[in-house]
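Each remark here refers to the structure printed beneath this line.
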Ligand SMILES: C[S@@+](CC[C@H](N)C(=O)[O-])C[C@H]1O[C@@H](n2cnc3c(N)ncnc32)[C@H](O)[C@@H]1O
């Protein structure tokens, strides 16, 4: 396990136990295991936990962080044969959460009393060398959370036309989307843009911005590429529509997002479910991090938590 990178700070951990009312036998699904902070909170409260994670390295790390009194049954759905013990206490499934419904069916998993999706990469993935997420490192522009995905960030920069690049950059609200797209197309005619530092330098040049500032000038560009490489918006849409029938009466859905576009997808979904009298929103406005959380982790500054309950 690469333990030189500190454990990911789990946003809204207090809200989780408070709102979900964790208790023994509560069935909790953590759809984004990461470094396991939310999963651990539920395990410590005696819940039965199913954790999903797309990145095998993250699974190894989470098991290393979580108290050894909890031993998971780790399942790779591609190779798993047989059935899950009905009295399981913790299962980790190596899978994209877009397969949630079919996993529940295939593995005969119980109804869900509460679930959380904490979107995006973990700090470990961002800071881990060789993954290409960070403008602070110099390495190939990869950005795939799942190595089975076919397209890297460098591929996108190489093949998209100027208009497509501008649309991509606008996904993360990059105000310089159009001039940046123009310069990327010009630059790649001279030499391909394949590394984090090449891209970061190009963005700083176009934005005439310097770092250190409060926020690195390439933040939105890197975020937009990451969102597209990992099909993040498509994944959220696919996931949300599967959840309501899997929840038990009064079951709670929670989504933590880090970008206004993601938050809007979740908000619109909950509004649609309210109109159909399937779910109701616990909070009309998303919950934002406390001052204490902000003082511990700057990354949480854009975090938003939305909660909705299944109508019985
Ligand atoms: C923000 S981190 C979660 C952190 C975690 N809540 C904690 O407390 O440590 C998100 C995790 O979800 C995983 N992930 C992202 N998209 C996923 C998807 N579509 N399916 C399954 N896991 C995903 C990432 O690999 C990453 O490890």
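Descriptive notes on the structure:
- Criterion: more than 30 Å from residue 105 (Cα to Cα) and not in a helix (DSSP H, G or I) - qualifying residue of 172, 181, 224, 201: 172
- Residue match in the stretch 111-127 (condition: outside the structural domain of residue 49 (by TED's automatic domain parsing), in contact (Cβ under 8 Å) with a residue 12 or more places away in the chain and farther than 22 Å from residue 254 by Cβ): yes
- Residue within the stretch 253-272 that is surrounded by 22 or more Cβ atoms within 10 Å (Cβ to Cβ) and over 30 Å from residue 169 (Cβ atoms) present: yes
- Residue match in the stretch 132-144 (condition: outside the structural domain of residue 57 (by TED's automatic domain parsing), away from the ligand (no atom under 16 Å from the Cβ) and buried (at least 22 other Cβ atoms within 10 Å of the Cβ)): yes
- Counted residues, the stretch 107-131 - those being within 16 Å of the ligand (Cβ to nearest atom) and either more than 25 Å from residue 11 (Cβ to Cβ) or in a loop (DSSP other than H, G, I, E, B) (or both): 9
- The stretch 27-69, residues that are assigned to a loop (DSSP other than H, G, I, E, B), more than 9 Å from the ligand (Cβ to nearest atom) and buried (at least 19 other Cβ atoms within 10 Å of the Cβ): 47, 66
- Of all residues in the stretch 80-92, at least one satisfies being within 14 Å of the ligand (Cβ to nearest atom) and touching a helix residue (DSSP H, G or I) at 6+ places or on another chain (Cβ under 7 Å).
The values are calculated or read from the model by the stated rules, or taken from the named source; none is laboratory data. Keep in mind that this is a model prediction, so the values were computed, not measured. Using ideal geometry, Cβ is built from the backbone for each residue, glycine included, and neighbour counts are taken over all protein chains shown.
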